[in-house]
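Worksheet: one structure, shown below.
Values in this text are rule-based calculations from the coordinates and carry no lab data. Please read these numbers as outputs of a predicted model, since none were measured by experiment. Glycine also receives a Cβ, built like all others from the backbone with ideal geometry; neighbour counts cover every protein chain displayed.
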Amino acid sequence: MGLKKQNYIINGLELPLAYAKIGNIEIIEDTANVEFKIHTSRENLNIYEPIVTIKQSINFNRNNPLYEQLYRKSKEDYFKDWEDDIIP
């Protein structure tokens with residue numbers, strides 16, 4: 001599970017296709033401090049250091065799946081123009 005976006009521009013660099021996935025998560029009470037790692041492909045996210053890391057603090061409900069909540073809420077903020085990247 002992750003996110004993807006075409007023509008992503010960061011720091012003057014345009015990526016034809018960018019992928020984001022959750023890296024580190026630090027949980028303090030009902031808040032998750034999340035790092036989203038961004039690279040040019042799913043494979044590169046697993047092999048190389050990210051091109052950029054986006055940090056967000058997201059409130060969550062402990063009774064629901066954590067990752068699903070983090071991805072959904074991140075799309076309300078920084079990643080609102082991104083689409084889901086779910087591998088069947």
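General observations
- Spin-label pair Thr40-Leu17: with each label point 7 Å from Cα along the Cα-Cβ axis, the two points sit 1.2 nm from one another.
- Cleavage-rule hits (GluC sites (Glu not before Pro)) in region 1-39: DSSP loop, at most 10 neighbouring Cβ within 10 angstrom: Glu29
- Between Leu66 and Tyr78, the contour length at 0.36 nm per residue exceeds the Cα-Cα span by 2.5 nm.
- Local electrostatic count at Asp85 - Lys and Arg +1, Asp and Glu -1, tallied over other residues with Cβ under 11 Å: +2
- The chain, Rg to Rh (Cα coordinates; Rh as Kirkwood inverse mean 1/r): 0.96
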